[in-house]
1. Output the residues belonging to the stretch 41-87 that are of a type in the set (Phe, Trp, Tyr) and either in contact with a strand residue (DSSP E or B) (Cβ under 7 Å, 6 or more places away or on another chain) or at positive phi (or both).
2. Take residue 135 and tell me if it is under 24 Å from residue 8 (Cβ atoms) and of a type in the set (A, V, I, L, M, F, W, C).
3. Considering every residue within the stretch 130-139, establish whether at least one is part of a strand (DSSP E or B) and over 11 Å from the mean Cα position of the chain (by Cα).
4. How many residues, within the stretch 109-133, are modelled with pLDDT under 90 and hydroxyl-bearing (Ser, Thr, Tyr)?
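The values are calculated or read from the model by the stated rules, or taken from the named source; none is laboratory data. Note that this is a predicted model, so its numbers are computed, not measured. When we count neighbours, we look across all protein chains shown, and the Cβ atoms used for this are built from the backbone with ideal geometry, even at glycine.
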Amino acid sequence: MLCPACGTENFDGADNCSECNSDLVAVDTRALDPLEERLHNDHVGGAIKPNPLVVAPLDTVESVVEKMSQNSHNCAMVAYDGVLVGIFTERDVLRKLSSDYDNLKAAPVRDFMTPAPEALEADTPLTFALNKMSVGGFRHVPVVNEEQQPLGVVSVKDVLAHIATNVPDLFEA
């Protein structure tokens, strides 16, 4: 039985997925139709935007916000020695900085980033990424390699754009 969250093959009758521990009790065991199979077999790596914005923890809030604005990025991945340590998003600017931005803009971005964000690898199924975003309430999820080095960011909008481009029969009536 395939786990709908991560795609791991489990023994028929298993209560929980051996990989992600998702509940399998209520899983419909019918075969996937070709469209469902395609959505499940597409991976996050095909949906990430190229040229992600990666900044250092000691970069100032002002410089990061300026780079985000100039390059039309909704977030910046924060890396130290090439390893992802945080993510700084538009939501962080609005929630944590908007009331006193002028006094806080010289502070390091590490003071306002989300530390140790949940991340995905490029070979993660899109269905798993959407589930993680939905359950976690994430708008952006970093994509990293095995060494936790940033490769890009994926958003719900990116996933939907990828599906619209690569699975056009999904939208046929």
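1. Of everything in the stretch 41-87, nothing turns out to be of a type in the set (Phe, Trp, Tyr) and either in contact with a strand residue (DSSP E or B) (Cβ under 7 Å, 6 or more places away or on another chain) or at positive phi (or both).
2. Against the criterion (under 24 Å from residue 8 (Cβ atoms) and of a type in the set (A, V, I, L, M, F, W, C)), residue 135 qualifies.
3. Looking for residues that are part of a strand (DSSP E or B) and over 11 Å from the mean Cα position of the chain (by Cα), one finds none in the stretch 130-139, hence no.
4. 1
For (1) in the same structural domain as residue 161 (by TED's automatic domain parsing); (2) among the aromatic types (Phe, Trp, Tyr); (3) touching a helix residue (DSSP H, G or I) at 6+ places or on another chain (Cβ under 7 Å); (4) at pLDDT below 95, each residue gets a yes or a no:
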{"site": "50", "(1), (2), (3), (4)": "yes, no, no, yes"}
{"site": "54", "(1), (2), (3), (4)": "yes, no, no, no"}
{"site": "87", "(1), (2), (3), (4)": "yes, no, no, no"}
{"site": "107", "(1), (2), (3), (4)": "yes, no, yes, no"}
